[in-house]
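Report on the structure given below.
The values are calculated or read from the model by the stated rules, or taken from the named source; none is laboratory data. Everything numeric here is computed off the predicted structure, so don't read it as measured data. Heads up, the Cβs are rebuilt from the backbone with ideal geometry, glycines too, and the neighbour counts pull from every protein chain shown. The protein model used for the area step is the full one, side chains on, heavy atoms only, and it has no ligands, DNA or RNA in it. Shrake-Rupley method; radii C 1.70, N 1.55, O 1.52, S 1.80 Å.
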Amino acid sequence: DIQMTQSPSSLSASVGDRVTISCRASQSVTSYLSWYQQKPGKAPRLLIFSASTLQSGVPSRFSASGSGTDFTLTISSLQPEDFATYYCQQCYITPHTFGLGTKLEIK
Amino acid sequence: QVQLVQSGAELKKPGASVKVSCKASGYIFTNYAIHWVRQAPGQGPEWMGWINAGNGDTKYSQKFQGRVTMIRDATASTAHMELSSLGTEDTAVYYCARVGATYRGMDVWGQGTTVTVSS
């Protein structure tokens, strides 16, 4: 199975900060990489697909890049509603594995 | 609007089976796949497999092979996931999610079904 490693596992930041979350795959997943946001008690929400394409309805402060094994998710100016846990997922080879998540907390 | 509505919470004993349903509305059910993902308490999501809602083809994670069955009823726009030989480690929230082309990710999710396995 492809292992997805996210860093950091947790992050404290303030409203207005710019934050970057990393995701590394144990082998190439080309651009078959999605990012999800999850809030407590809720289903994950798709933010980014195909490594860098913003899902419809997602604010433009979210962006992402990468290909192969190294990927990043950036939030340009944190808003109160962005404090959540973020997961990357590869959909290149089954099983479509997720990272363990990055919990973004208010400083 | 496009939505997936799942069946209600389940409490099962070890060794039993559970069947979770996922009813789609607001889109053409057979044009998409349904993926199943579970999330144990305090853990990250875990992908279980998917079913092509058009032709019924399935692909399961090796971890669940032999224990999981995914089917769909196209006339009812509903997908079902059955997991057998339950153990306490199967206690989790189970989600269904819609996928168009694989690279487009899971764009619509059900609300989740809590399955608790306890003696």
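Enumerate the pairs (first residue in region A:39-54 and in contact (Cβ under 8 Å) with a residue 40 or more places away in the chain; second residue anywhere and open to solvent by 80 Å² or more (accessible area, probe 1.4 Å) and not in a loop (DSSP other than H, G, I, E, B)) with beta-carbon separation below 9 Å, excluding pairs fewer than 6 apart on the same chain, so at least 6 apart or on different chains.
That search, which allows pairs on different chains as well, returns A:Lys39/A:Arg45; A:Lys39/A:Glu81.
Restricting attention to strands (runs of 3 or more DSSP E) lying wholly within region A:17-70, give those where 3 or more residues are among the β-branched types (Val, Ile, Thr).
A:19-25
What number of residues within region B:104-118 satisfy the criterion of being crowded, with 21+ Cβ neighbours inside 10 Å, touching a Ser or Thr at 6+ places or on another chain (Cβ under 8 Å) and assigned to a loop (DSSP other than H, G, I, E, B)?
1
Taking region A:1-49, which residues are touching a helix residue (DSSP H, G or I) at 6+ places or on another chain (Cβ under 8 Å) and open to solvent by 30 Å² or more (accessible area, probe 1.4 Å)?
A:Val15, A:Ser31, A:Tyr32, listed by residue number.
Of the residues that make up region A:74-84, is at least one under 22 Å from B:Gly100 (Cβ atoms), of a type in the set (A, V, I, L, M, F, W, C) and either modelled with pLDDT under 95 or surrounded by 14 or more Cβ atoms within 10 Å (Cβ to Cβ) (or both)?
The answer is no, given that none of the residues of region A:74-84 is under 22 Å from B:Gly100 (Cβ atoms), of a type in the set (A, V, I, L, M, F, W, C) and either modelled with pLDDT under 95 or surrounded by 14 or more Cβ atoms within 10 Å (Cβ to Cβ) (or both).
Go through region A:50-73 residue by residue and tally those that are buried (at least 16 other Cβ atoms within 10 Å of the Cβ) and farther than 27 Å from B:Val2 by Cα.
Of the residues in region A:50-73, 4 are buried (at least 16 other Cβ atoms within 10 Å of the Cβ) and farther than 27 Å from B:Val2 by Cα.
The rows are residues; the columns are (1) in a strand (DSSP E or B); (2) modelled with pLDDT of 95 or more; (3) touching a strand residue (DSSP E or B) at 6+ places or on another chain (Cβ under 9 Å); (4) acidic (Asp, Glu).
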{"residue": "B:Glu46", "(1), (2), (3), (4)": "yes, yes, yes, yes"}
{"residue": "B:Met81", "(1), (2), (3), (4)": "yes, yes, yes, no"}
{"residue": "B:Leu86", "(1), (2), (3), (4)": "no, yes, yes, no"}
{"residue": "B:Glu89", "(1), (2), (3), (4)": "no, yes, yes, yes"}
{"residue": "B:Cys96", "(1), (2), (3), (4)": "yes, yes, yes, no"}
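Give the number of residues within region A:92-107 that are more than 14 Å from the chain's Cα centre (by Cα) and either at the interface with chain B (Cβ under 10 Å from one of its Cβ atoms) or free of Cβ contacts under 8 Å to residues at least 24 places away in the same chain (or both).
4
Collect the residues in region A:60-90 that are under 20 Å from B:Asp107 (Cβ atoms) and either free of Cβ contacts under 8 Å to residues at least 12 places away in the same chain or over 14 Å from the mean Cα position of the chain (by Cα) (or both), keeping them in residue-number order.
Scanning region A:60-90 gives A:Ser60, A:Glu81.
Return only the number of the condition from (1) of a type in the set (S, T, N, Q); (2) away from chain A (no Cβ under 14 Å); (3) touching a residue at least 24 places away in the same chain (Cβ under 8 Å) that B:Thr75 does not satisfy.
It fails just one condition, (3).
What are the residues in region B:60-78 that are of a type in the set (Val, Ile, Thr) and at pLDDT below 95, if any?
none
Of all residues being more than 12 Å from the chain's Cα centre (by Cα), under 14 Å from B:Ile34 (Cβ atoms) and not small (Gly, Ala, Ser) in region B:68-103, which is surrounded by the most Cβ atoms within 10 Å (Cβ to Cβ)? Just the residue, please.
It comes out as B:Val99.
So, in region A:1-20, how many residues would count as being within 12 Å of A:Tyr87 (Cα to Cα) and under 12 Å from the mean Cα position of the chain (by Cα)?
6
Within region A:65-92, how many residues are within 16 Å of A:Lys107 (Cα to Cα) and touching a Phe, Trp or Tyr at 6+ places or on another chain (Cβ under 8 Å)?
Selection size over region A:65-92: 1.
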